[in-house]
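Take a look at the structure set out below.
Here, each number is a calculation from the coordinates, and none is a lab measurement. None of these values were measured; they are calculated from a predicted model. Here Cβ is always computed from backbone atoms with ideal geometry, including for glycine, and neighbour counts include all displayed protein chains.
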Amino acid sequence: MSKITFHIDPGHGWLEVPVKELRRLKILDRISPYSFVSRDGRTAYLEEDCDASLYVQAAGLEWSGVQERFSNEESPIRDLPRLVDMLERKRMSRDAWSGIHHALHPEPDCGGAFDGFTVTSDADPGL
């Protein structure tokens, strides 16, 4: 990443990071309920107390390379959706779609138990 911005208002601060970076670093599931996400779901605003430090450490970055953006007013970041809520909605959507898909397209009876990876059968293994 070329430039990272730390947004600061009179009460708090957030590190602006692409969500794809959180996925790449495998820390997306470790983000607290205090971080936010842009409405298009592409940019995370990591809260300063835990999540921003988690990212900086995972990415191997130095805080000295972070650009700070101060505001004397309450940041509009506070009005964005929470990142964990967006992730939960996506998970629920995937689960719901999976349930609908399986209801409309049940697994065929292959003569054995299907666990998603293997089919077991009493058939002669030498065949």
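Once C-alpha pairs closer than 8 Å and six or more residues apart are averaged by separation and normalised to the residue number of segment 4-104, the relative contact order reads 35 percent.
Net charge of the neighbourhood of Tyr55, taken over other residues with C-beta under 10 Å away and scored Lys/Arg +1, Asp/Glu -1, is -1. Per q in 0.11, 0.14, 0.16 1/Å, what log10 I(q)/I(0) does a Debye calculation on the alpha-carbon atoms of segment 4-104 return? Summing over Cα pairs of segment 4-104 leads to -0.36, -0.55, -0.68.
The spread of Cα positions in segment 20-75, taken along each principal axis and listed from longest to shortest, comes to 34, 28, 18 Å.
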